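The values are calculated or read from the model by the stated rules, or taken from the named source; none is laboratory data. From a predicted model like this one, the values you see are computed outputs, not experimental measurements. Note that each Cβ is placed from the backbone with ideal geometry, even for glycine, and that neighbours are counted across all protein chains shown.
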Amino acid sequence: MKTFNYHSPKDVKTASKLSSTSSIFLAGGMTSIPSMKLGLATYKDVIDIKNIKKLSGIKVSGNSVTIGATTKHAEVASSKEIQKKIPSLSKLAGGIGDAQVRNRGTVGGSIANNDPSACYPSACMALNAIIHTNNRKIEAKNFFKDMFETVLKKGELIEAVEFKIPEKSNYQKHPNPASRYAIVGIYLAKHKKEVNVAVTGAKSVVYIDKDLSKALSSSFFSSAIEGMELDSSEMNSDIHASADYRASLVVTYAKKAVEAC
Amino acid sequence: MASLVGSRVERKEDKRLLTGKGRYTADINIANQTYAVFVRSPHARAKIKKIDISKALKASGVVEILTGEEIAADKIGGLIAGWAIRSEDGSEMKVPANPPLAKDSANFVGEPIAVVFAESLDEAKAAVDLVKVDYKVLKGVINTAEAMKGETIHDGIDKNLCYDWLLGDRKAVEDAFAKADKIIKVDLINNRCVPNAMEPRACVVDYNTASEEITLYTTSQNPHLSRLIMSAFGGVAPENKLRVVAPDVGGGFGSKINVYNEEIVCSWASKKIERPIKWVAERTESFLTDTHGRDHVTHAELAVTNDGKFLAFKNETIANLGAYARVFGTVTPTYLFGPCATGVYIIPAAYTNVKAVYTNTAPVDAYRGAGRPEATYTIERLVEKAALELGIDRTEIRMRNFPTEFPFKQTLVHTVDSGDYVAGLKKAKEMSDYAGFEVRRKKSEANGKLRGIGVSSYFEACGIAPSAVVMSLGCGVGLWESSEVRFNPTGQVSVYTGAHSHGQGHDTTFAQIAADELGVGLDVVDVVHGDTDKGTFGMGTYGSRSLAVGGIAIVNACRKIVAKGKRVAAKMLEVNEDEIDFKDGEFVVVKSNKKKTISEVAFACYLPGSRDSDFKSPLPEGEEPGLIETSFFDPSNFSFPAGSHIAEVEIDPETGEIKVEKYTAVDDFGKIVNPLVVEGQVHGGIAQGIGQALHENTKYDETGQLITASYMDYTIPRADNFPEFNLGFTCTHATSNPLGVKGCGEAGAIASPPTIMNAVIDALGGQEITMPATAEKVWKACKTMKKSNTKAA
């Protein structure tokens, strides 16, 4: 690992000021540290945001659950309040990585990194989340741009993620057998007016599958999507899963998610 | 006194290892040490035109940079193939030179080209990036089946062929095939596996400028053998000036048998730069450069009668050696493979033909089971298919062809001393509720799942020795094992063994053996291994040989101790030797019941003489003082564990995911020293075999880049991939050693791949599928099955 300056600011403003084109915000470090160790990324400044108190914590209101950016997966998994309001979100957090990862990794880190096979982005999309930054509020559908790319600007820091509480929801993932990242992850949420089927792992960036969402909006039964064949042309293809296989898994896991609701 | 041999003694070493107090090579630091980082070939095949180290030499902290030029100039030898195998036409095998640092050409990704020594690891790494190697990249030969058609990798080795080996009688086989009712055929790929020891390879070298002795701490399964090879072939130092220490070693699975480039280079360089050197592999280096396992392409046929009798067997295999032939590289696909390929069956005629090829991939060598998993996979896939095609129950067809009398002269090489294959399979059927399978299959079907059952019966030749046999087959050394037992004056026993424990539990099991033989408590026995300065000599641990060879050397050394003790006790008790019995640690005069404990006798051996009336310990005339004995054991035969495993899998046809629902293993390991340790070995073996069958996919792309070089892409099975293993044992004693023991370390990895694959293929209605049977492959097979079912309907 190349040497770097380590900063540990106590407030968001200082953190933001420290940032530059050759800096990184460090939360759990579950991706950034391995990347630095492997020499895939080098930074002049590493700005550790874990000591900024206001970035961590869980707040529940009437129609939403707001999770601070540096809240760890293990905290989301074990939160009684989230388990009550959006149990699928706790389930998603409890299925990320292993115990060590869940005790370090954070929701803000996961979203800012926007790994195409990360779990959290699908929850953001399905649960119509609003991403609160130090400058603005961004709707999830406008947040994730492309593989490892979001609309965040230099110095912009995620403070919290606000998830809308759905009527019903479920998360299902087909894990990569080696890394246990999602080869395909389906976050299904039934809101009052719509059904969202958010898909991670299948394409270069998380998306809402319109066909599945539409079919399930009309009839919230797995039979409504049984036998549906999705266009696989934009899907990822690698040594773990071909595009066709992924396309099939999306439907299969969407069915499982409906059945589990 | 209750016998310790046979009891479930908890592992003595676990407390130390599980509380982080193990001392591994990477834990060792020597004052003033430098850090080594290797410059490795990024290409699978390339000519090395020029190496420019000038910029790197000037970098911060760099002590020295060495290349293949220097190592060649110092006449340091290369890595070796330990077995000489002859082709069918009588010609000698073709082996390329394998210098520790490649000088003219690089032949696999990761091959060391140069080495940087620096004051810190970071500085060494930074300097490696500044070494400029000018390569002429050539087209690599990657694919096993196509290797003979590729460009010649090594000058003078036509078709990239190391040897074209035959075991058996082609004519007898063809004659038998002509009379067969049916011929069963399979085309198989035995997938390449990366051994993945938890501890990556490492070495720390300390050259003493005063004594001119090199001490090499290294991750080895066989420190004595490593010293021998480095001294005899590497020319690094004479054996008396080279001490090799393999402290705690975190797993080997065969990958730590070889002496590797890094150990030779660092040992040589430490003397050259007169500084200690430390090198620790990163995980990716382990993936790229540890010897890999398996990688066979096989076409095999079995000639059968309509009532399921086996008449003849043929096996045509291409085995991938990787870029170079290493210590067990050439014997693994020949004598460790061919003889076992006829399995546990009476098959009157058989042959195995193996073409071993070089490719631009990591060298392939022994990996848990070495040759025998490949053999068992071949015959057991054939037998299962024969049962299906003939409409005979899979267990019944096996029973019909099992030998029932022992010794059993197996078709090709071995005379199996003992076994009861029928009893093993019967027990496995009972324990797995084989009869109830169809009910479970229907239940799975009702849930939309496909359930399959698979059986595999195996035997294997392990306890690798006997020297007379292995040397006649081409082994470069004898494979005996030695032990020294020291009975200290104050009553403790130190047992020195040439075997090496890197997970096997020798601290416990060897202590059990010695404690029983000497009639002392387990707490006073210490097992010492892993240091060429401690104990006699040894060939190390692989091929399930530690107990059946090394353990017996301990027994024999202990028996020499008792024999001497008896002579001394007779003098002390003033009777003749034949009036004394040794039992439970006491020398007892049968008539008078007067006795001396073995500790008293040991004390007397070190303090011969009389001081007053209370202290009399005379040694018999001509007897030397001391109580230390050595034994070299070389058995008359291999040991032949055997057994039958039965697995049930359930497939979700929508996702292709396989769940191993039940796994039953019934093994015959002869006399069992410690059931707890044996069960651990069987669990580990089965897990590793299931890994090969369902998960582990070593993938090189067409240019020879290993694209599964990390745990992000290479699937190691985890606990949640397995059911609880249901283990049973039958026991027929080995006749080739006094304890009646057989090896157990590799059996699980030998039996489980065909057991699992037979179950998967059964679930898929007989549709063939290659290992690893990953979810996508199975999903595709399920789609094909659905289509053909729809057509049939």
Does B:ALA781 satisfy being within 14 Å of chain A (Cβ to nearest Cβ) and outside any loop (DSSP other than H, G, I, E, B)?
yes
Filter the stretch B:658-693 for residues that are of a type in the set (A, V, I, L, M, F, W, C), part of a helix (DSSP H, G or I) and farther than 24 Å from B:LEU522 by Cα and give the result.
B:VAL682, B:ILE686, B:ALA687, B:ILE690, B:ALA693
How many residues are within 11 Å of chain A (Cβ to nearest Cβ) and on the phi > 0 side of the Ramachandran plot when one looks only at the stretch B:685-710?
0
Those residues of the stretch B:718-739 which are of a type outside the set (D, E, K, R) and free of Cβ contacts under 8 Å to residues at least 60 places away in the same chain, in sequence order
B:ALA719
Identify, please: which residue in the stretch A:1-52 is more than 14 Å from every other protein chain (Cβ to nearest Cβ) and farther than 20 Å from A:GLY155 by Cβ and is, among those, surrounded by the fewest Cβ atoms within 10 Å (Cβ to Cβ)?
A:ILE33
Scanning for something more than 30 Å from the chain's Cα centre (by Cα) and either part of a strand (DSSP E or B) or closer than 21 Å to B:GLY6 by Cβ (or both), does the stretch B:531-543 turn up at least one residue?
no
With farther than 25 Å from A:LEU89 by Cβ and either more than 13 Å from chain B (Cβ to nearest Cβ) or not acidic (Asp, Glu) (or both) as the only criterion, which of A:SER213, A:SER248, A:SER217, A:SER222 stands out?
A:SER248
Considering (1) assigned to a loop (DSSP other than H, G, I, E, B); (2) more than 20 Å from the chain's Cα centre (by Cα), say which one A:LYS214 fails and leave the rest.
(1)
Quick check on B:LYS596: is it over 30 Å from B:ALA693 (Cβ atoms) and in a strand (DSSP E or B)?
yes
Across the stretch A:1-51, what is the total count of residues that are in contact (Cβ under 8 Å) with a residue 40 or more places away in the chain, within 17 Å of A:GLY109 (Cβ to Cβ) and of a type in the set (Lys, Arg)?
1
Residue ID - nearest to B:LEU727 (Cα to Cα), chosen from residues in the stretch B:614-656 that are hydrophobic (A, V, I, L, M, F, W, C), under 32 Å from the mean Cα position of the chain (by Cα) and not in a strand (DSSP E or B)
B:PHE640
From the options A:THR252, A:THR200, residue that is out of contact with any helix residue (DSSP H, G or I) (no Cβ under 9 Å at 6 or more places or on another chain) and either crowded, with 19+ Cβ neighbours inside 10 Å or assigned by TED's automatic domain parsing to the domain that holds A:ALA118 (or both)
A:THR252
Going through the stretch B:351-402 one residue at a time, which ones are among the β-branched types (Val, Ile, Thr) and either under 16 Å from B:LEU302 (Cβ atoms) or free of Cβ contacts under 8 Å to residues at least 60 places away in the same chain (or both)?
B:THR352, B:THR376, B:THR378, B:ILE379, B:VAL383, B:ILE392, B:ILE397
Would you check if there is a residue in the stretch B:719-739 being more than 14 Å from chain A (Cβ to nearest Cβ), assigned to a strand (DSSP E or B), among the polar types (S, T, N, Q) and at negative phi?
yes
Taking the stated definitions as given, is B:ASP720 buried (at least 24 other Cβ atoms within 10 Å of the Cβ), charged (D, E, K, R), more than 23 Å from the chain's Cα centre (by Cα) and more than 16 Å from B:THR664 (Cα to Cα)?
no
Does any residue in the stretch B:742-760 that is touching a residue at least 60 places away in the same chain (Cβ under 8 Å) come within less than 6 Å, Cβ to Cβ, of a residue that is of a type in the set (Asp, Glu) and assigned to a loop (DSSP other than H, G, I, E, B) six or more places away or on a different chain, and which pairs are these?
B:ILE750/B:GLU460
Residue within the stretch B:745-760 that is surrounded by fewer than 20 Cβ atoms within 10 Å (Cβ to Cβ) and modelled with pLDDT of 95 or more present:
no
Just to confirm my filter: which helices (runs of 4 or more DSSP H) fall fully inside the stretch A:56-159 and include at least 3 residues that are not assigned by TED's automatic domain parsing to the domain that holds A:SER32?
none
Would you check if there is a residue in the stretch A:91-106 being surrounded by fewer than 23 Cβ atoms within 10 Å (Cβ to Cβ) and in contact with a Phe, Trp or Tyr (Cβ under 6 Å, 6 or more places away or on another chain)?
yes
